[in-house]
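J.: One structure is given below, represented as structure tokens, and several questions about it will come after.
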Amino acid sequence: MKNLFYILITFLFFTSCSEYQKALKSEDIAVKFTMGEQLYKEGKFNKASRLFTQIVPAYRGKPQAEKLMFLDADCYYQTQQHYLSGFRFESFAKSYPKSEKVEEAYYKSALSYAELSPVYSKDQHDTDHALEKLQLFANLYPESEFMPKINQLAKDLQYKLELKAYSIGKQYNHIADFKASISTFDNFIADFPGTSLRGKAQFYRFDSAYHLAMKSVESKKEERLNTAISYYNSFKKTDSELELVGDADKMIEDLKEQLEKYSTKS
């Protein structure tokens, strides 16, 4: 019985492969559509995609095109070809705005673009693009069941942009380019007022201002000391980053000691 079972499985496997190869070589687009749809239902998305790709141009303008375009896009989505799936779902949504699948198409398009977002250390052009697509979905379907996922993705991508900007400021601080660090953190704090990295950004802005003031030429030192102290005061107003407070408190004493010299002179 076991041998018979294995023989049957082998027969079905080769029969299936043979039918698929025939469909690939066939010039009958209906045969390709039928076989592609069957493979899609079986979860064989790569094979289905090969067939759909062959016939999409031939079905343009026909009644079956709506279904075909959605299945074709979803094959790319299921095989994690996110650039293609994002583009194909977006094209589907624009071509069939009244389709019952249009909301799902916009949703999967947004998810596809979100998957293209790189790690924070790289250029974030794709992250900005993904956020635009997530916002588009939120604007179109604010009551959608997909909104919790959309909101979480937007939050994650937004944090990635914050981390990118923060890391640039910290890198300037690390290489002792203190002017660039201060400017970057000024922009960061203005651009991301609600960021969870605000406390750390304020500390490293103060740290950069401290070093810039302490090493400053005499003609600019008093002004820079006062600027550094103002940054310290901003940092102290934050509730977080308690582990950095000790360092900040030590530095502020140095700044005040230096500033006293100018009070004595006047």
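Here, each number is a calculation from the coordinates, and none is a lab measurement. These figures come from a predicted structure and were not determined experimentally. Cβ coordinates were reconstructed from backbone atoms using ideal geometry, including for glycine residues, and neighbour counts include every protein chain displayed.
J.: Find the residue count for the range 55-101, including only residues that are surrounded by 13 or more Cβ atoms within 10 Å (Cβ to Cβ) and assigned to a helix (DSSP H, G or I).
T.: Qualifying residue count for the region: 31.
J.: I need every pair where a residue in the range 217-230 that is without any contact (Cβ under 8 Å) to a residue 24 or more places away in the chain has its Cβ under 8 Å from the Cβ of a residue that is assigned to a helix (DSSP H, G or I) and of a type outside the set (Lys, Arg), sequence separation at least 6 or different chains.
T.: Final answer for the pair search is Arg224/Ala209; Arg224/Leu212; Arg224/Ala213; Thr227/Ala209; Thr227/Ala213.
J.: Which ones in the range 117-146 are surrounded by 15 or more Cβ atoms within 10 Å (Cβ to Cβ), of a type in the set (A, V, I, L, M, F, W, C) and under 30 Å from Gly169 (Cα atoms)?
T.: Within the range 117-146, Ala130, Leu131, Leu134 meet the criteria.
J.: Of the numbered conditions (1) of a type outside the set (Lys, Arg); (2) over 22 Å from Tyr83 (Cβ atoms); (3) part of a helix (DSSP H, G or I), Glu143 satisfies every one except a single condition; which is it?
T.: Glu143 satisfies all of (1) of a type outside the set (Lys, Arg); (2) over 22 Å from Tyr83 (Cβ atoms); (3) part of a helix (DSSP H, G or I) except (3).
J.: Mind telling me which of the residues Lys179, Lys149 ends up being assigned to a helix (DSSP H, G or I) and surrounded by 13 or more Cβ atoms within 10 Å (Cβ to Cβ)?
T.: Every option except Lys149 fails the conditions.
J.: Kindly list, by first and then second residue, each pair from a residue in the range 154-168 that is without any contact (Cβ under 8 Å) to a residue 24 or more places away in the chain and in a helix (DSSP H, G or I) to a residue that is surrounded by fewer than 18 Cβ atoms within 10 Å (Cβ to Cβ) and of a type outside the set (A, V, I, L, M, F, W, C), limited to pairs with Cβ atoms under 9 Å and residues at least 6 apart or on different chains.
T.: Note: pairs meeting the criteria are Ala154/Gln135.
J.: Here's another thing I want to ask about it. Go through the range 190-221 and give me each residue that's polar (S, T, N, Q), over 27 Å from the mean Cα position of the chain (by Cα) and under 17 Å from Lys236 (Cβ atoms).
T.: Ser208
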